[in-house]
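I have a structure here, written as structure tokens, and I will follow up with some questions on it.
The values are calculated or read from the model by the stated rules, or taken from the named source; none is laboratory data. Every value quoted in this text rests on a predicted model; they were computed, and no experiment measured them. Cβ sites come from the backbone with ideal geometry, for glycine too, and all protein chains shown count toward neighbours. Please note that ligands, DNA and RNA were not included when accessible areas were found on the heavy atoms of the full protein model with its side chains. Shrake-Rupley method; radii C 1.70, N 1.55, O 1.52, S 1.80 Å.
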Amino acid sequence: MIIWINGAFGSGKTQTAFELSRRLKPSYVYDPEKMGFALRSMIPPEIAEDDFQSYPLWRAFNYSLLASLTDTYRGIIIVPMTIVHPEYFYEIIGRLRHDGRTVHHFTLMASKETVLKRLRTRAEGKNSWAAKQIDRCIEGLASPIFADHLQTDNMSIQDAAETIAARANLTLAPDTRGSLRRFTDRLMVKLNHIRIK
């Protein structure tokens, strides 16, 4: 089973993914961006695309690896990744579903103000690459293609993870961490996923 968590950059996808992974065993957080960074590092800058999702190879690779993992890994694969183009959605998620694999897709929705506030917590201002993508993400992801939508303006990371689990009919282990441990866990996720665009 795959749980794909979509949303604007800064919407809380990665934090929600790791919150789910802590409480769903066995599970694995799969990061499609890693292939994008690898492609970017191997392509001459003068012919490089601004968005690595534009490379058919990126989409084909992630489809193939996710298909292989669902056939060999007995846990739940959690994928935090923004996909705004319907054709890219169909090339990966749609194809996985067409081939008989279970993919639960959720989009974390929030107002522009909320996303900007969340971006500031990771030291990204209104002129950052992620902030400049907010409008296109909010507009594109509102499409029914990207359902199931979760409105997260007033939702904590824990609430988002529990809502996703409930909608996917999954039972989470109790969260027995104290507030300090919860804060530390989320800080480590944030530090480990700082992106320089």
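Do you know which residues across segment 154-189 are within 24 Å of Pro86 (Cα to Cα) and open to solvent by less than 50 Å² (accessible area, probe 1.4 Å)?
Ala160, Ile164, Ala168
If you don't mind, another one. Do any helices (runs of 4 or more DSSP H) entirely within segment 121-176 hold 1 or more residues that are hydrophobic (A, V, I, L, M, F, W, C), free of Cβ contacts under 8 Å to residues at least 12 places away in the same chain and out of contact with any Gly (no Cβ under 9 Å at 6 or more places or on another chain), and if so, which?
Ranges flagged: 157-167.
Being exposed (fewer than 14 other Cβ atoms within 10 Å of the Cβ) and either within 16 Å of Phe9 (Cα to Cα) or under 16 Å from the mean Cα position of the chain (by Cα) (or both) is the filter here, so list the residues in segment 137-147 that pass it. Full working, then the answer.
Within segment 137-147, the subset exposed (fewer than 14 other Cβ atoms within 10 Å of the Cβ) is 139, 142-144, 147.
Scanning segment 137-147 gives Glu139, Ala142, Ala147.
Tally up the residues in segment 93-109 that are in contact with a Gly (Cβ under 8 Å, 6 or more places away or on another chain) and of a type in the set (S, T, N, Q), please. Spell out how you get there, then give the answer.
At the first step, the residues of segment 93-109 found to be in contact with a Gly (Cβ under 8 Å, 6 or more places away or on another chain) are 107-109.
Checking which are of a type in the set (S, T, N, Q) leaves us with 107.
Going through segment 93-109 one residue at a time, the tally reaches 1.
Still on this structure: Considering only segment 112-125, I want to know if a residue exists there that is of a type in the set (A, V, I, L, M, F, W, C) and open to solvent by 80 Å² or more (accessible area, probe 1.4 Å).
Looking only at segment 112-125, we keep the residues that are of a type in the set (A, V, I, L, M, F, W, C), and these are 115-116, 119, 123.
Okay, now just the ones that are also open to solvent by 80 Å² or more (accessible area, probe 1.4 Å), so 123.
Yes: one or more hits.
Then there's this: Determine which single condition Glu124 fails, assuming it passes every other condition in (1) in contact with a strand residue (DSSP E or B) (Cβ under 7 Å, 6 or more places away or on another chain); (2) at pLDDT below 95.
All conditions pass for Glu124, except number (1).
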